[in-house]
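What follows is one structure encoded as structure tokens, with my remarks underneath.
Computed from the coordinates by the stated procedures, all read-outs in this text should not be read as laboratory data. Not measured: the values here are computed from a predicted model. Glycine gets a Cβ as well: all are built from the backbone with ideal geometry, and neighbour counts include every protein chain shown.
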Amino acid sequence: MIYQGKGPSHESKQSLWLLTAAPMIWAGHFILCYVTTAIWIEKVAGRDASLLPMRLTIGGYTLLAFIGIGVVFGIGNRRRNLDTEKKSTDNDTPDCRHRFLGFATILLCCLSVVATLFTSLAAVFVQTTH
Amino acid sequence: MLNDANPSQELKEAQERRLLKAWQTPKGWRYWSEVNNTSVGLWYTIAAFGFFLFAGVLALLIRIQLAIPNNDFLSADTYNQVFTMHGSVMMFLFAVPIFEAISILLMPQMLGARDLPFPRLSSFGFWCYLIGGLFVCGSIFFDAAPKGGWFMYPPLTTDYQTGIGADIWLLGLSFIEIASLAAAVELIVGVLKCRPPGMRINLIPLYAWYILVVGAMILFAFPPLIAGDILLELERLLDWPFFDPERGGNPLLWQHLFWIFGHPEVYIVFLPSIALVAMIVPTFARTRMVGYSWIVLAAVGTGFLSFGLWVHHMFTTGLPGISLSFFSAASEAVAIPTGIQFFCFLATLIAGKVTRSVPILFVSAGLATFIIGGLTGVMVALVPFDFQAHDTYFIVGHLHYVLVGGTIFPIIAGIYYFYPMVTGKLLSDKLGYASFWFLIVGFNVTFFPMHISGLIGMPRRVFTYPAGAGFDILNLVSSIGAGILAIGFAIFLWDFLRPRKRQPYAPRNPWNAGTPEWLAHSPSKPWGVRSVPEVKARYPIWDQPNFVEDVDEGRFYLPDAKEERRETLISSIVDSVPQYCHRLSSPSFLPLTAALFTGGTFVFATFHYWWSAAICAGFSFATIVAWLWTGTATIPEKPDKRIKGEQRAPLYLSGSKSVGWWAMFITMLGDFTAFASLIFAYFFYWTASEEFISQAMSREMITLFIASCCCGLLAWLSTLLARKLNKWETSVLYFVAIAFSAICSLSGATLIVIALRNSGFDPTADVYPAIVWVISLWMGLHLALGGVMQLYCLARKAAKRMTGEYDIDIQNVSLYWHFAALTTAITILTLCGFPSLA
């Protein structure tokens, strides 16, 4: 019989969806930035207007995205540190699998933070709608 | 009494006899009814290479034409057809299908499974692909091929190319996209549910991680193109002005929809090839992969980020600078995960002791070439540079470095590596080295000068150029390089196809690899694995004592096929705990027949033979229903069976544990993405135009739309009720509920048609009525299809093919209805609600 673990590492408490959480936040931030800017320029302010309100809005989105990714990072980190004595993610145990999912989540959080930062830098450097 | 721990020789032979009988390949003309992955995967691979060679010959024609200035080897019109077909065939008929082919062929072995969960679906996908591919390729012999470039931009393909070529492209390739979606369903469910016991999610082969990501990418990338195809074909066929600016349309919408597909597509072809590298590198480095978790990060991260890049193909279309910057930023960010996996490969090669071989040589060629393409990719991701390089030969050079380095070289490495596993014979080392040098030299001589010709201003897609403009020598060099490249491919092809009757069989696992696919015998057996192993390591052949012997002796799961049926184990997603024994489909001509009729529908529609198309569609529908009725959700003759020792597993499970439920879920995710693309189109028009909502809906139309929505929601709720009633075995009430839900669904669909007919909305007059028609017809079609499914469930229960316990059909139809109800609600909120807000 395959051992499914106990406590937090039991299979019933695991899901692959957590892996996608941080990149989903990046995707949400990215789409919000793109859509809000498009609507602002095409429908509200026009192509000659100031971009300042948009830049502040994107700053707000970025802050929210960082908080979201931070929460996911916290969950991933807890999983990774399931048993502080052992750090392996390579073995055939529920604990290793648990740590692996936590570690992969953390890595994806780091990538998502960098990608979100890249997107928001557009609002830092680009000052006009042209 | 069976003793799985130590079976007697007599018992072992009996088990093998039964397994062989269950899995034997049909003989004679019935061979083409085979659905086993080893046959279908092989046909798929050979067909993909056939199309690759065809597109390669087209490339040579291009290079002959461009070898000297003012050449008249090809006319401008023929040249347009040739380069369009080269790009389209390479991308749609080779790059994506070859990954599906290789995965269908190899993945079950990598997962220690007997086959993927839906063999007939794989077979259907293959036949669709072959028929559609032959149709599209054949057009060039009748001077009727598409000629708008592989991305088919309107208005070029609407106002200026009135021939049948664009229709062949749109309908032929849409048909092939069905095959890709079918493969995505098969492969995702395969990775999630068909793993051997114990192969936890942290132990699965890296190839499987990549395929899981790529399968998910297909679900979200292909549907926008299908939505775009529908809109473009409707404009060409019925004059609905989706891309005509004079009637409110916008050609940029096509570019958005195409590239939302087109850029992830690049990674859809790149990641599976890199997955092959991830399997080959540890074998020849003689050590485990360094940074397994980091590669998972890279695969998942690339999959996501690749969806934020599409506008970098549209930098010169006049979008606001800040919008371009978002996409430029994401295009730079995607280099991070791409780089991470390359560092992992290099670290593994450094950590291990590399043995010289043809596969690892092609791997290193692939990595080096891709890095050059990646660096020029970072350059063109910068908006100011792209303004200069856009639509020049610099881009042609860049994309070939990426695609050949990231796809072709790794695939050739993979063919050298896996050839003995599939055929039992090794390819020649001598010919391998020779083809390697011709290919690597030929490739660089062909494509490197294109960067320079592009930078000095040579536009892509010109059929000739004037002498003395600075392009002469560079193009001649490229053409000579193409000749060298062709010699390399000819050597490889000869090695691949030459007769091998006298060549002895290769030893089993000739590369001494550690992953489960190398359990395959030489020559291989049709059953895949002798017994489904219990896996406790990423490289079980290296790390699990007596692993190969235990598998061969039948000491693991399903060592026998007592009922002489094809079976594999279905397990849980995270820890791969066995859940049930899945009876796989036997050989059948139904998938081929269904593909022929589906193909007929598309082909006849291309030529506007509407009656013939309708008859084919009817037969296609009937064949698919017959296939479902006779081959799916069959009630087993006993509730469970022994799978190992005294351990038993059920033969039937429904709901989220069953593979059918996951297939429906995944299909509907793809379907919903296509719908979301149409909704995106609606809001895109609103954003891009001041007067998008050009006429108001009448009160009658709104009432009918809302009534249709209510019918849809009632159908959804009564389907859920019917599912409950079926569980409680209350037959009469079940029949009432499911019949009521079918009536609601079909009424909802009818109301939509009545609303549109009486609306006074003329879809040819303006883009607003046209998009309202398309979105509401999409909803109506889903209601009608849901109604058919409900009638199917009614018939299944009446025929006693579904009971309270054996209820896959109603479970899966309920899942469909969750999505259908959501589609209905969003449609009505958008079409009836948004105009009052805007």
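Would you work out the relative contact order for chain A, in percent, from Cα pairs under 8 angstrom that are 6 or more residues apart? Working shown, then result.
Numbers: 138 pairs, mean separation 48.1, N = 130.
Computed over chain A, the figure is 37 percent.
Evaluate the relative contact order of the range B:39-497 (contact order divided by residue number), counting alpha-carbon pairs under 8 angstrom at least 6 apart; express in whole percent.
It comes to 16 percent, rounded to a whole number.
Rank by packing, highest mean first: peptides A:117-126, B:543-552, with packing defined as the count of other Cβ atoms within 10 Å averaged across residues. Write out the running numbers ahead of the final one.
Details: A:117-126: 19.4, B:543-552: 15.8.
In descending order of packing, they fall as A:117-126, B:543-552.
For chain B, what is the percent of antiparallel DSSP beta bridges, rounded to the nearest 5?
Working: 11 of 11 bridges.
Close to 100 percent.
When ranked by the protection proxy of mean other Cβ atoms within 10 Å per residue, highest first, what sequence do the peptides B:135-147, B:188-200, B:399-411 form?
Values: B:135-147: 18.6, B:188-200: 26.2, B:399-411: 24.0.
Packing proxy ranking, top to bottom: B:188-200, B:399-411, B:135-147.
Between the range B:250-277 and the range A:1-48, what is the separation of their alpha carbon centroids in Å?
The range B:250-277 and the range A:1-48 have Cα centres spaced 20 Å from each other.
Hey, got the average number of other protein chain Cβ atoms within 10 angstrom for residues in A:8-21?
Values: counts 0, 1, 2, 8, 3, 1, 6, 2, 6, 0, 0, 4, 4, 0.
Mean number of neighbouring Cβ atoms from other chains: 3.
Whole Å is fine, so just give me how far the alpha carbon centre of the range B:565-581 lies from that of the range B:66-144.
Here the two parts' Cα centres lie 33 Å apart.
Please say if the protein assembly as shown is rounded, prolate or oblate, where rounded means a/c under 1.5 for a ≥ b ≥ c the square roots of the C-alpha gyration tensor eigenvalues, and otherwise the choice is prolate for a/b larger than b/c and oblate otherwise? Intermediate values should be presented prior to the final figure.
On the way: a/c = 1.39, a/b = 1.10, b/c = 1.26.
Here the protein assembly as shown falls in the rounded category.
Return the sequence-ordered ³J(HN,Hα) values of the range B:635-640 in whole Hz as given by the Karplus equation 6.51 cos²θ - 1.76 cosθ + 1.60 applied to θ = phi - 60°, using x for Gly and Pro.
Once rounded to whole Hz, the list reads 6, x, 6, 8, x, 8.
Residue by residue through A:93-100, how many Cβ atoms from other chains fall within 10 Å of the Cβ on average?
Taking all residues of A:93-100 together, the mean is 4.
In a Gaussian network model over chain A where Cα atoms closer than 10 Å are linked, find which of A:A21, A:A45, A:A65 has the largest mean-square fluctuation.
Taking springs between Cα atoms under 10 Å, the residue moving most is A:A45.
Sorted from fewest to most neighbouring beta carbons within 10 Å, what does the list B:T287, B:T446 look like?
So the residues, fewest neighbours to most, are B:T287, B:T446.
What does the average come to when, for each residue of peptide A:110-119, you count the partner chain Cβ atoms lying within 10 Å of its Cβ?
Mean partner-chain Cβ count within 10 Å for A:110-119: 6.
Rounded to the nearest 500, what is the 222 nm mean residue ellipticity of the protein assembly as shown from helices alone, with -39500 (n - 2.57) per DSSP H run of 4+ residues and division by all residues?
Taking each H run of at least 4 residues, the total per residue is -22000 deg cm²/dmol.
Separation of the range B:796-838 and the range B:161-227 by C-alpha centroid, Å?
23 Å
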